[in-house]
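Worksheet: the structure to be examined is printed underneath.
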Amino acid sequence: MTLIFLQQMKNFHVAVIGGGVIGSAIAWELAKYKVDVVVFEKGCDVASGTSKANSGVVHSGINSPPGSLKARFCVEGNKMMQSLADELGFSLKWIGKYVIAKNEEERKELEDLKKNGVQNGVPGLEIQEGSEVKKREPYVSCHAGLWVPTAGILLPYEFTITLAENAAINNVKFCLETEVIGLKKQNNSFLIHTNRGDFQSELLVNAAGLNCREIVSMLEKPDFQVYPCRGEYVVLDKNVSNLTTSMIYPVPVKKLGVLGVHITPTIDGNILLGPSAEFIDDSEDRRTTREMMRLLIEEAKEILPMLPERAIINAYAGIRCKLASRKNGGWADFRIEESKETTGLINLLGIESPGLTAAPAIAREVTRLISQYITLNQKKNFKVRKRGKRFSEMSSIEQSNMIKRDKRWGRVVCRCEQVSEMEIINALSNPLGAQTLSAVKYRCRAGMGRCQGGFCTQHIVRIMEEEFHKNVREITLHSADSYLFYGRTREIKQ
Amino acid sequence: MRTEEIDVAVIGGGPAGLAAAISAKDSGANSVVVLDRNNWLGGILPQCIHDGFGVEETGESMTGPEYAERYISMAEKKGITFMRETMVLSFDKNRVITAVNHDEVYRIKAKAVVLAMGCREKTRWSAGIPGDRPSGVFTAGVAQAFINLYNIMPGRNVVVLGSGDVGLIMARRLKLEGANVLGVVEILPYASGLLRNIVQCLEDYDIPLYLNHTVINIEGRGRLKSVTIAQVDHDMNIIPESEKKIPCDTLLLSLGLIPENELTKNAGIEIDDRTGGPIVDQCFETTAPGVFACGNCLQVYDTVDVLAMGAKNTGKHAGKYVFAQGSKEKKREFLPVKPGDGIRYILPQRITKAGLIDFTFRVDKPYQTAVFSLSAIPTQDDTRQEIYKKTLRWATPATMERVTIDISDETLKSMGYLEGSING
């Protein structure tokens, strides 16, 4: 399906490079207007990079320096989240956060944080004594805690996918597995050379995340460096979810400008521990390490002594796109700006935390910048693809009705998360054309439970073969070279 | 939505569920329904195409499918109803089961329930193996399903982690399909599978066995490229400088099995943390009246033969329960059975009636010679009264021990507990 589009249309008003949460949010915002937009994503699905490998936190804005873009866009984005969730149906929970102090010295830092937050316009901040914190969080022991009611959680991959798929049904073209390898400014447009052909666009939005510098260097000499900083996480079993209802963060580690090890409940009832913060050379190095897994559990146990040893069901790592090196303190503000050298190039650089929260606000700002070049006329029929109820969320009557409509609703193929065959089929039929095993996982949760795909994988593969006519050799896990199988048994290789 | 009322509902149509269903029917239950989530019956057996099943039970060595077929025909002849491709979503202590399939959502009210959900495999994260997260990492059972049920080859250059039976069988299976099996890696100083499998799968096929080793890292961003193995000492600590990188494209994990008890836990039934299965009495009844358990969801068995024998007993009690209802709802007094020194777990965990009782247990480490004793310990003091003793030879955690002990009325009423332990 993608190939037909490529033949039909190769000229766009706006080309967005990068299908992460920022690129997808921008695409969705632009989709409201009568402009031709294309998104180039080198991965096999949106949210292939940092956008899926983070804490999923909607930050309040207490951490960012007043007057910074991070503070501004975080608070703005935070305010937009609920109505966005109401409109598009992605999961969002305002579980709140406690920043906890171990002693009187750390308590002073809580007061500084509160002051900072108030300056940024963050509402409802309150410092509570350890005993009061214990009333709400019986398993947490601390000297004092800063209660942040406007902190929330979502599923970063679900959020990104929702934005992208909504943009797609409103005529934004998504080109997956498409890497931008060359750029040239010619007269008033950009010539975009990709591994899947050449395109043209009036404007260029650089939302390439960790690759933002490569994109800039295709057109001009970059005036910045990117310092990849890896954050490792471990995912804990749902059976420890009773240990906390809100997020629990220790007082921030000042030296790196990065938040310390956090305890973050997830939408689906797991707990995340992390992230760590390690400056690395290779921006694609998303390995997890034994040392960090152990350290995360150790540090978490200091806050939640009841945490059992064997609670880890998964571990992953994401890379932050930092603009400041470790020795320079590791903190730099967002750069959201038109290039001074190359007219029509809008750069989004250094979008690390609170990038996820800031995404909707950043998208508005980028749209505003674009409106200076192109007149933006609103579409009259803007469609909404609202996330429907999962089979596991339905009542028995609702389930029964769905089965009567289509019997494939009745065949449950993921035991742990109770996902039905129909949900797998819907996931594979997504408007972006993403058809990896992970594309299924992130859309309907199959494979994310305790058995980690032990039962459902064979059924997903069967559905891919039977309903989508995929050759077993084409089935991949997440990236183009992550093929699942070698082929058929007893096959003669040509 | 459809409501059904039946005598006995069996959750799981694997060897345990089938044996229990047949037995329940033979004990007089009229309507016996087996619910299974797959479109085939026999559970894991259809993908176990190797033989060795049924030797103890029938004297004949069958393949998994043959063994399953035997029970399926028997069950069909007895008029047992099967609900295939049916997933049980939940059940409660009142024995109302919510299940779903292509046709409907069902509310099944059963007079007795038999839990036979089997087990799931331990994943990479149970062993906490760090590194990249490429494709090509499979649990052994999943790889087995792909080869034997779907004719799909998972990979070409294979490393197997874990020398349990599933790992050994799969090492041989892959070699027979033309894969290059680079070795089986085992953290303990001895292989944990049955001796016959070590000989018939590794030695006979020249597959190297790396004892005292484990996988410490997984490498590869797209597809698996290599694993790093290292030697461990007596305390399972990694010996530095012993690391070795093995290029491969497939890693099979045979790290052990976990009884599948999501449904059981959600019903509020008590679980024994040591077995991973529900706490049961000598009739295999759980802490919920009329709910019985058998097979791998109760405890992980070594052979299907012993599993089936236990399941038959369970089915018999479930069948009898259907008729004895009403008198069963009173609070039951029981004598607890606890694991002592040297014992990892012992079943049943409760005795509600005197008589000859079949106990199963596992020791916590290998013993060349060990004396197992069951003692009665009263609540008032610490005096122990040994009521049974047996000398075990070559007992290991990988071999389930079975003993039949006569528990007297006197012992039952003693108000203390029983403890199984190893001495000497």
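Summary table below
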{"item": "Fewest-first sequence of B:THR214, A:THR245 by Cβ atoms within 10 Å of each Cβ", "result": "A:THR245, B:THR214"}
{"item": "Shielding by partners - mean other protein chain Cβ count within 10 Å, residues of B:145-157", "result": "5"}
{"item": "Leading residue at positive end of dipole, the protein assembly as shown (Cβ point charges), from A:ILE267, A:LEU236, B:GLY28", "result": "A:ILE267"}
{"item": "Computed [θ] at 222 nm, helices only, for chain B once each DSSP H run of length n ≥ 4 contributes -39500 (n - 2.57)", "result": "-6000 deg cm²/dmol"}
{"item": "Net charge contributed by nearby residues that have their C-beta within less than 10 Å of B:ASP341 (K/R +1, D/E -1)", "result": "-2"}
{"item": "Nearest-0.05 FRET efficiency for A:THR245 and A:VAL118, computed from C-beta distance (R0 25 Å)", "result": "0.50"}
{"item": "Net charge contributed by nearby residues that have their C-beta within less than 15 Å of A:SER339 (K/R +1, D/E -1)", "result": "-1"}
{"item": "Vicinal HN-Hα couplings computed from phi for the range A:42-59 (Karplus, 6.51 cos²θ - 1.76 cosθ + 1.60; Hz; Gly/Pro x)", "result": "6, x, 7, 7, 6, 6, 7, x, 4, 4, 9, 10, 9, 7, x, 9, 9, 6"}
{"item": "Spin-label model distance (nm) - A:LYS108 vs B:ASN237, 7 Å beyond Cα toward Cβ", "result": "4.1"}
{"item": "Number of partner chain Cβ atoms within 10 Å, mean per residue of B:124-131", "result": "6"}
{"item": "Chain B: DSSP helices with Cα axial extent of at least 24 Å and average Kyte-Doolittle hydropathy no lower than -0.5", "result": "B:304-324"}
{"item": "Phi to ³J(HN,Hα) by Karplus 6.51 cos²θ - 1.76 cosθ + 1.60 over the range A:478-485, Hz, x for Gly, Pro", "result": "9, 10, 4, 9, 9, 5, 7, 10"}
{"item": "For the range B:174-216: rounded, prolate or oblate by the Cα gyration tensor [a/c cutoff 1.5]", "result": "oblate"}
{"item": "Length added when fully stretched, B:LYS390-B:GLU69, from 0.36 nm per residue minus Cα-Cα", "result": "111.8 nm"}
{"item": "Cα shape, the range B:32-162, gyration tensor, a/c 1.5 rule", "result": "oblate"}
{"item": "DSSP-loop GluC sites (Glu not before Pro) across the range A:181-266, with at most 14 other Cβ within 10 angstrom", "result": "A:GLU220"}
{"item": "Prolate/oblate/rounded label for the range B:225-341 (Cα gyration tensor, a/c 1.5)", "result": "prolate"}
{"item": "Estimated [θ] at 222 nm from DSSP helical runs (n ≥ 4, -39500 (n - 2.57)) normalised by residues in chain A, nearest 500", "result": "-9500 deg cm²/dmol"}
{"item": "Only Lys, Arg (+1) and Asp, Glu (-1) charged, at Cβ; the range A:147-220 dipole about Cα centre in debye", "result": "160"}
{"item": "Residue among B:VAL291, B:TYR367, B:THR383 farthest towards the positive dipole end of the range B:270-413, charges placed on Cβ", "result": "B:VAL291"}
{"item": "Average beta-carbon neighbours from other chains, 10 Å sphere, peptide A:453-459", "result": "5"}
{"item": "A:ARG326 versus A:THR375: modelled label distance in nm, points set 7 Å from Cα along the beta carbon direction", "result": "5.4"}
{"item": "Summed side-chain charge close to A:GLY231 - residues other than A:GLY231 whose Cβ falls under 13 Å, Lys, Arg +1, Asp, Glu -1", "result": "+2"}
{"item": "Long pairs among A:LYS470/B:LYS78; A:LYS32/A:LYS52; A:LYS108/A:LYS340; A:LYS102/A:LYS441; A:LYS404/B:LYS122, criterion Cα-Cα beyond 32 Å", "result": "A:LYS470/B:LYS78; A:LYS108/A:LYS340; A:LYS102/A:LYS441; A:LYS404/B:LYS122"}
{"item": "Built amide H within the under 5 Å cut-off of A:GLY330, gap 5+", "result": "A:SER325"}
{"item": "Sparse-neighbour loop sites [GluC sites (Glu not before Pro); the range B:330-424; at most 16 other C-beta within 10 Å; DSSP]", "result": "B:GLU333"}
{"item": "Given charges at beta-carbon only (K, R positive; D, E negative), |dipole| of the range B:221-317 in Debye", "result": "500"}
{"item": "Residue among B:ILE169, B:ILE129, B:ILE49 with the largest mean-square fluctuation in a Gaussian network model of chain B, springs linking Cα atoms under 10 Å", "result": "B:ILE129"}
{"item": "Distance between modelled label sites at B:ASN266 and A:ARG390, nm, 7 Å Cα→Cβ extension", "result": "1.2"}
{"item": "Percent antiparallel among DSSP beta bridges (both partners in chain B, rounded to 5)", "result": "60"}
{"item": "Electrostatic dipole magnitude of the range A:187-322 [Cβ: Lys, Arg +1; Asp, Glu -1; Cα centre; debye, to 20]", "result": "260"}
{"item": "For chain B, diffusion coefficient by Stokes-Einstein and Kirkwood Rh (Cα), 20 °C, 1.002 mPa s, µm²/s", "result": "94"}
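FYI, it's all coordinate maths here, none of it is from the lab. The model shown is predicted, which means the values in this text are computed figures rather than measured ones. Every residue, glycine as well, gets a Cβ built from its backbone with ideal geometry; the counts of neighbours run over all protein chains shown.
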